[in-house]
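The values are calculated or read from the model by the stated rules, or taken from the named source; none is laboratory data. Every value quoted in this text rests on a predicted model; they were computed, and no experiment measured them. Heads up, the Cβs are rebuilt from the backbone with ideal geometry, glycines too, and the neighbour counts pull from every protein chain shown. Quick note on the areas: whole protein, heavy atoms, side chains included, nothing else; ligands and nucleic acids left out. Shrake-Rupley method; radii C 1.70, N 1.55, O 1.52, S 1.80 Å.
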Amino acid sequence: VQLQASGGGSVQAGGSLRLSCTASRSIGSFNYMAWYRQWPWSQRQLVARINNDGSTNYADSLEGRFAISRDNAKNTVYLQINNLSPQDTAVYYCRAQRFGRDPHWGQGTQVTVSS
C-alpha cells in the first residue's frame with residue numbers, strides 16, 4: 001500500500017494544521033492507522049492511533065491539542081493539531097498496521113512552528 005501524507009507547513013505558534021494521510025487502498029483492511037513524529041535527534045514517537053473500530057489512543061499529554069480521525073470512504077486519516085508550539089516542529093509520518101505484518105509508512109510531512 002502507498003501512503004501519501006500531506007498538510008504540513010510553516011505556521012506560527014498558536015496556529016493549527018490538519019495533516020492528511022491517504023492510502024492507495026482501503027484503510028479498513030488495517031487493524032489501525034497512526035501518526036508518529038520524529039525530531040532529528042530521536043526515533044519516531046507515537047502521536048495518535050485510531051483503531052478499526054474507531055477507538056483512539058494518544059501519547060501522554062497530547063490528547064486535547066491533537067485529534068485523529070478517519071474517513072473510510074476517502075481512505076484517509078487526519079491529524080488535527082491545535083495550539084501549535086515550537087516543540088511540535090518535527091516530521092510527521094503516518095502508519096498503516098496489520099497485526100503480525102510489517103508496518104507501512106508514508107513519506108512524512110514537515111511541520112515547522114515558529115515562535
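Structural remarks
- Selected residue (criterion: nearest to Gln107 (Cα to Cα)) from residues of the stretch 1-49 that are over 12 Å from the mean Cα position of the chain (by Cα) and among the β-branched types (Val, Ile, Thr): Val1
- Cβ-Cβ under 8 Å pairs, at least 6 apart or on other chains, the stretch 55-79 side among the small types (Gly, Ala, Ser), far side surrounded by fewer than 16 Cβ atoms within 10 Å (Cβ to Cβ) and part of a loop (DSSP other than H, G, I, E, B): Ala67/Asn82
- Of all residues making up the stretch 1-12, the number that are open to solvent by less than 50 Å² (accessible area, probe 1.4 Å) and modelled with pLDDT of 95 or more: 6
- Check on Asn75, modelled with pLDDT of 95 or more and either at positive phi or out of contact with any strand residue (DSSP E or B) (no Cβ under 9 Å at 6 or more places or on another chain) (or both): yes
- Listed by position, the strands (runs of 3 or more DSSP E) contained in the stretch 39-115 that have at least 3 residues being charged (D, E, K, R), over 20 Å from Gln4 (Cβ atoms) and open to solvent by less than 40 Å² (accessible area, probe 1.4 Å) form an empty set.
- Taken as a whole, the stretch 13-25 holds at least one residue that is surrounded by 14 or more Cβ atoms within 10 Å (Cβ to Cβ), of a type outside the set (D, E, K, R), over 20 Å from Ala90 (Cα atoms) and in contact (Cβ under 8 Å) with a residue 24 or more places away in the chain.
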